[in-house]
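Q: Take a look at this one; I'll ask things after.
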Amino acid sequence: MMSNGASFPVAEIGAALHSNGAGTDCVNNDYVLDIYPLNHYYFGSKDAVPFKEETLADRVSRMKLNYDSRGLRTSVQGVILVELFKHPHLLLLQLRNSIFKLPGGRLRPGESDIECLKRKLLSKLAVVGDGREPDWEVGECIGMWWQPDFESLLYPYLPPNVKRPKECIKLFLVKLPESEKFIVPKNQKLLAVPLCQLHENHKTYGPIISGVPQLLSKFSFNIVDY
């Protein structure tokens, strides 16, 4: 059964189809990425989190104040893949009906990229305070985006004429274990979206998410199912 290009609310899929476990050969094994079928994972919910209601002007004003006090804003986001219908799917958080995000957030002062991403993954995709740390492996940084000023578009590179960028967003590959629990707020959805649906779909997913398939082009995907 092939994917028809639709995204799948993972909490509603239940028993997703198993793949046949076929791997993909790659000349360089360093770029072979093991991914596991969606039905290896458990999906549940936790208390809802409030949405921040603000206009674009409010957001710009907030960013200016933060920049004046903290300088460059650095954020990290996790690229998490699973297999469904023998295709790699990216896990995305959906807020309201049309806002899609990679899990992650802004660094605290003195915090490393990996420390921040692990903290954010725990707060957004797991249960905080249950005494168990999810077994997620934060891998390499596969891409960086820059915001030259408070109201400009994001760039996948730092323009040479920009001396004081306002934000840097780093994307890290997150490797999942064979099984894990994902617990998300009740007022959000965790979607598994096929890479083919994301590719250059800026209008729906924005430049960062729609650019993920290209960032992953150096990898071959090995579907592990046993």
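Q: Would you work out the charge dipole size for the stretch 142-226 about its Cα centre, treating the Cβ of every Lys and Arg as +1 and the Cβ of every Asp and Glu as -1, and quote it to the nearest 20 debye?
A: Working: 10 positive and 7 negative charges, 43 e Å.
Charge dipole of the stretch 142-226: 200 debye, to the nearest 20.
Q: Ok, one more. What is the packing order of peptides 116-127, 43-54, taking the mean over residues of other C-beta atoms within 10 Å and listing the highest first?
A: On the way: 116-127: 19.7, 43-54: 11.3.
Packing proxy ranking, top to bottom: 116-127, 43-54.
Q: Among TYR36, TYR205, TYR157, determine the one that fluctuates most according to a GNM of the chain built with springs between C-alpha atoms less than 10 Å apart.
A: Between TYR36, TYR205, TYR157, it is TYR157 that shows the largest mean-square fluctuation.
Q: Another one. Counting other C-beta atoms within 10 Å, and keeping those with at most 14, which DSSP coil GluC sites (Glu not before Pro) do you find in the stretch 161-219? Present the calculation step by step, with values, prior to reporting the outcome.
A: Values: sites: GLU167, GLU178, GLU180, GLU200; in loops: GLU178, GLU180, GLU200.
Those that pass, being in a loop and sparsely packed, are GLU178, GLU200.
Q: Taking the Cα centre of the stretch 128-195 as the origin and placing charges on Cβ (Lys, Arg +1; Asp, Glu -1), which of SER152, VAL174, CYS141 is farthest toward the positive end of the dipole?
A: SER152
Q: Here's a follow-up. Ranked from highest to lowest mean number of other Cβ atoms within 10 Å per residue, what is the order of the peptides 132-138, 212-218? Working shown, then result.
A: On the way: 132-138: 13.3, 212-218: 15.9.
With the highest mean Cβ count within 10 Å placed first, the list reads 212-218, 132-138.
Q: Rounded, prolate or oblate: which one fits the stretch 50-111, using the alpha carbon gyration tensor with axes a ≥ b ≥ c (rounded when a/c is under 1.5, else prolate when a/b beats b/c, else oblate)? Don't skip to the end; give the middle numbers.
A: Details: a/c = 3.81, a/b = 1.74, b/c = 2.19.
Oblate, since a/c reaches 1.5 and b/c is not below a/b.
Q: In percent, how large is the relative contact order of the stretch 176-226, given Cα pairs closer than 8 Å and 6 or more residues apart? Spell out each step's value before the answer.
A: Values: 22 pairs, mean separation 11.5, N = 51.
Result for the stretch 176-226 is 23 percent.
Q: Defining a contact as two alpha carbons under 8 Å apart and six or more residues distant in sequence, what relative contact order in percent does the stretch 73-202 show?
A: Details: 235 pairs, mean separation 45.1, N = 130.
Normalised by residue count, the contact order of the stretch 73-202 is 35 percent.
Q: Please work out the average accessible area per residue across the stretch 75-185, using the 1.4 Å probe convention, and give it in Å². Intermediate results must be reported in sequence, preceding the final value.
A: Working: 5360 Å² over 111 residues.
Ligands and nucleic acids excluded, the figure is 48 Å² per residue.
Q: Of LEU190, LEU56, LEU72, which has the largest mean-square fluctuation in a 10 Å C-alpha GNM of the chain?
A: The residue that fluctuates most here is LEU56.
Q: So how tilted is helix 113-125 from the main axis of the chain? Cα-based, degrees 0 to 90, rounded to 10.
A: Once rounded, the angle reads 70 degrees.
Q: Additional query: About the Cα centre of the stretch 68-117, what is the dipole size in debye to 20, counting +1 per Lys and Arg Cβ and -1 per Asp and Glu Cβ, all else neutral?
A: Numbers: 7 positive and 5 negative charges, 46 e Å.
That gives the stretch 68-117 a dipole magnitude of about 220 debye.
Q: For the chain, with the dipole built from +1 on Lys and Arg beta-carbon atoms and -1 on Asp and Glu ones, taken about the Cα centre, which of ASN161, VAL127, LEU33 lies farthest toward the positive end?
A: ASN161
Q: Continuing with the same structure: Calculate the length of the line joining the C-alpha centroid of the stretch 160-179 to that of the stretch 55-106, in whole Å.
A: 10
Q: When the accessible area of the stretch 60-184 is computed with all protein chains present and a 1.4 Å probe, what percentage of it is carbon and sulfur?
A: Details: 3180 of 6340 Å².
Roughly 50 percent of what the probe reaches on the stretch 60-184 is carbon or sulfur.
Q: Dividing the Cα radius of gyration by the Kirkwood radius, what Rg/Rh value follows for the stretch 163-202? Could the numbers behind the result be given before it?
A: Values: Rg = 15.4 Å, Rh = 14.4 Å.
Rg divided by Rh gives 1.07.
Q: To the nearest 500 deg cm²/dmol, what mean residue ellipticity at 222 nm is calculated for the chain from DSSP H runs of n ≥ 4 alone, each contributing -39,500 (n - 2.57), summed and divided by the residues? Could the numbers behind the result be given before it?
A: Values: 6 runs with 49 residues, N = 226.
Rounded to the nearest 500, it is -6000 deg cm²/dmol.
Q: Also, quick follow-up: What is the gain in length, in nm to one decimal, between GLU151 and TYR42 on full extension, counting 0.36 nm per residue of separation less the C-alpha to C-alpha distance?
A: On the way: separation 109, 0.36 × 109 = 39.24 nm, distance 3.93 nm.
Stretched out fully, the GLU151 to TYR42 stretch lengthens by 35.3 nm.
Q: Given N residues in the chain, what is its alpha carbon radius of gyration divided by 2.2 N^0.38 Å? Write down the numbers at each step before the final one.
A: Working: Rg = 17.9 Å, N = 226, 2.2 N^0.38 = 17.3 Å.
This ratio for the chain stands at 1.04.
Q: Continuing with this model, one more query. To the nearest 20 Debye, how big is the dipole of the chain about its Cα centre, given +1 on the beta carbon of each Lys and Arg and -1 on that of each Asp and Glu? Walk me through the numbers before you get to the answer.
A: Numbers: 27 positive and 25 negative charges, 188 e Å.
The dipole magnitude comes to about 900 debye.
Q: From the Cα gyration tensor of the stretch 147-226, with a ≥ b ≥ c the square roots of its eigenvalues, which class applies: rounded if a/c is under 1.5, or else prolate if a/b is larger than b/c, or else oblate?
A: Working: a/c = 2.11, a/b = 1.72, b/c = 1.23.
Prolate, since a/c reaches 1.5 and a/b exceeds b/c.
Q: Here's a follow-up. Comparing GLY104, GLY129, GLY139, which has the greatest mean-square fluctuation in the GNM of the chain with Cα pairs linked when under 10 Å apart?
A: Largest GNM mean-square fluctuation: GLY129.
The values are calculated or read from the model by the stated rules, or taken from the named source; none is laboratory data. Not measured: the values here are computed from a predicted model. Here Cβ is always computed from backbone atoms with ideal geometry, including for glycine, and neighbour counts include all displayed protein chains. Calculation scope for accessible area: heavy atoms of the full protein, side chains included, ligands and nucleic acids excluded. Shrake-Rupley method; radii C 1.70, N 1.55, O 1.52, S 1.80 Å.
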